[in-house]
Structures are given as structure tokens and as C-alpha cells.
1. Taking Cα atoms of the stretch 95-137, Rg/Rh with Kirkwood Rh, to two decimals?
2. What is the percent carbon and sulfur in the accessible area of the stretch 57-155, measuring with a 1.4 Å probe over the protein chains and ignoring ligands?
3. May I ask you to give the percent of accessible area on the stretch 257-322 that is carbon plus sulfur, with a probe radius of 1.4 Å?
4. Find the percent of Cα-Cα distances in the stretch 15-169 that exceed 25 Å, and round it to a whole number.
5. What number, in percent, do you get for the relative contact order of the chain if the mean sequence gap of Cα pairs under 8 Å and at least 6 apart is divided by its residue count?
6. Per residue, what volume in Å³ does the Cα convex hull of the stretch 366-406 take up?
7. How large is the accessible surface per residue of the stretch 349-418, computed with a 1.4 Å probe and reported in Å² as a whole number?
8. Would you mind giving the average projected area, over all directions, of the Cα convex hull of the stretch 175-293 in nm² with one decimal?
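The values are calculated or read from the model by the stated rules, or taken from the named source; none is laboratory data. Bear in mind that the values here come from a model prediction, so they are computed numbers and not experimental data. All Cβ positions, glycine included, derive from the backbone under ideal geometry; neighbour counts span all protein chains shown. These accessible areas exclude ligands, DNA and RNA; they are computed on the full protein's heavy atoms, side chains included. Shrake-Rupley method; radii C 1.70, N 1.55, O 1.52, S 1.80 Å.
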Amino acid sequence: MIELLKAFDKFLWGLPLIVGILGTGIYISIKTGGIQFRKLSFALKHTLGNIFEKDHDHKSGDISPFQALATALAGTVGTGNIVGVSLAILLGGPGAIFWMWLAAIFGMATKFAEVSLAVLYREKKGKGFVGGPMYYIKNGMGNEKLAKAFAIFSGLAVFGIGNSTQANAIAGVLKENLNINPLITGIILSIIAAIVIVGGINSISKVTEKLVPLMSILYIGGCISVLVVNYSNILPAFKEIFLGAFSPKSLGGGFAGISIKSVISAGIARGVFTNEAGLGSSPIAHASAKTDHPIRQGLWGIAEVFVDTIIICTMTALVILTTGANTRANVDASALVSKAFASGSSFGPMIVTIGLSLFALSTILGWAYYGEVSIGFLFGEKAFIPYRIVYVIFVFLGANMDLGLAWTIANILNGLMALPNLIALIALSPVLVKLSKDFFKDPERIRKSSEEYKSHLK
């Protein structure tokens, strides 16, 4: 059974999902006229450039647009940005980073569509809003069975990819570098998770809006300190990336045996894993944002992929390549990053320890909300407290267990999440196009009614 699951995981994350996710990104890019190219500067200016903007009273939603982004980034910026990048390089050589960038470029269009549709088809529940793929599949496509399928896959996946495996990564790095007992790590993580997630999206967003900028600045600062020491190797590193993307054998050495197929597969698969464009997870957080138009929040989806992959993943890759850590034999993905930072800075091991711990902790908090919305969609609000209790228990268990099989199951569930989501994105792309045209007629205008844009869709 274990071998069967591993084979299915390899198949699912091979050609089917690579073609599905990348193909959907290309399709949406064409339908929207290359929104991520035409409006990238506009998106960054009106998202990251306006993070201190005060909310307009008439905007409907529960949390600020930046809090929504921070919660979404909390879920996406995780071990994939550190270990995932090193794994891509180990499997596909430096050229895998080029294909990771390509996946991110088209992933910006995918994430833009996911977030916009999540806001458009969200529902008012009690005092707040909930949304995500299950809601735009149900309300947009009218397919409740497919919506429930997504919610089931998502509700199960949170205990693997967003919970136990992240806790296990934190326990492992703290044990290795600081000799902290995983039992203690598990208890502390469980307490933190319990305190934060009990308050729902408002509590989670208040923590993530402070945690995400802090951890990103600390990690990027650590990367820059290594790159300053190895500045003469930066241009050669970019050369390796571009040459290796199309001719890995030309690099010689350990890259001579790497095929173009393995380079593309490693880069795209790891790219999707880290920014989650196409999986349908982070739109769940964006659906709670205060906004006057779905497209305005969709721009934050473009910024999310830009920060996650183009900035943070690139930093990790450059640290590995400029220090030459990837040329050493018999090094696994986790050890590769540690050795890269250690060779570039005396504070290297601590940078990795803090960075990986904060990234993984943020993922635990972000995915806690994703699971809550999924469980709520299936069973209603009465399931929230039992879900939170089980979630906290899994954090503790994850920190103290061998999760080899759990990773495989988590990867499969992530892949299964993507399938109904991709179907919905393609089916609802005409709606997205109408929304975009409506918004960009006058993007500076704040709509006085959050329902005003819906009149253009009839």
C-alpha cells in the first residue's frame, strides 16, 4: 500500500498536475491579456505600496487587505521556500530555478483569478465572510458535489501539509541545531497554535500581519549577508540558472546526468508547492478581506506569488549557488541549505533555524484557518471547536513522529485539492474577464457598494 501511494503521488505530481496547473495559468493569462505583465507595476504599487492605507468604512469584509495577504503568505511561505528550493536544485540542477520562475509568472495569473473569484462568490456567515474554491464552485458553477470534494480534500490536507509536517520540520531543525527535545517543541507549538487559532481569522490575521513581515525581513536579511560575502559569484549563479534550464549537461560535473525533463519537472513542481497557485488554499484567506471590488483583492494575489517565489525562493537559490553548497556530494535537501548558510556566514545555522521555524509556524497558523473554513462548509460552525482541538493535537503529534508516509499522503491530498479548483477556474474565466474589464475602466474609483460590480455580470 505504501509503495502504491508513493507511485500515485509521483504520477499525480508528474505530468497531470504540471500540465494542469501550468496550462491553467497560461490559459488565464491569455484570457486576461497577460494581466500579470500589463498590471504588475500597478498591482505592486496598489498592494505592497499601500500596506498602510486606512480602510474605507464602506468596504465589506472582516480584515484588511494586508492582513488577508499576510494570512495567505503565512500559509504559502513555509518549508518549501527553504527546503523545497534546495530539493529542486538537487533534483534538477540550477536550471530548475528558471522553471520555478516560469511557474510563478503564470501562477500570478492563476492566483489573481482564485482570489478575485473567492471574493466575488463569498458568503456572509454570522458576523463575517467566508469564501474560497468550495464557494465559487458551488455559487459560480452550481456544482455542490465538486465543491464538497474540494472541501474534503482541503479539510484532510491541513493535517498533513499545513500542520504535522510543518511541526516536524521545526522540531527537527531545533533538535539538530539547538538540541531541543522534540517533546518540548511539540508542547510549545501546541500552546501557541491553541492560543492563536481559537479566535478564528481575526486572531490569526493579527498575528500573521506582524509575523510574516518580520520573518521575511529576517530571512532576506540573512540571505543578503551571505550574498555580500559571495557577491562575485552572483552573476555566475544566474548564468548557471539560465544555461541549466535548457542545457544542464553543459554545466558538467554532477549536472551532466540531469535531463531537460527532470529540470522542468523539478522546477515547476517545487514552484507550485511553494506558492500554491492553483491549489486553492490561500484564496480562503483573501475571501475575508475588506474590499470594494474582487479584482482589487485579486491584485494582492499577484503580489503574494511575487513575494513568495520571485523574492524569497530566489534568495534561497542564490545563497545555495553562490556558496557552491550544491556541488557537494551526499547532501540532502535540509542539510544543503544549512551548509550553504554555514559556509557563507558564521550566523548561517541560526539563520536557517530561525527562518525555517518561523516559516513553518506561520504555515501552521495560516492552514488552521483554511481547514476551519473547509470543515465549516461541510459540517457547519458546530464543528469548529472539535476541529481546533484535533488540529492542536496533530501539531504535537507531528513534532514527535516519523512522517515519511504522512508527506506522501499530504502531497496526494494537495494534488487532489487542485483538480476541482482548476476545473472551476477555467469554467469561470469568462466571469473573471468581465470583472477585470469593469474594474480597470476606473481602477482608482472606490465602489460605494460592495455589490455594485455584480450588476455588470448579469
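1. 1.24
2. Carbon and sulfur together cover 58 percent of it.
3. With neighbouring chains kept in place, the figure for the stretch 257-322 is 67 percent.
4. The proportion of pairs with Cα distances above 25 Å equals 43 percent.
5. About 36 percent, as a whole number.
6. That works out to 76 Å³ per residue.
7. 35 Å²
8. For the stretch 175-293, the mean projected area of the Cα convex hull comes to 12.4 nm².
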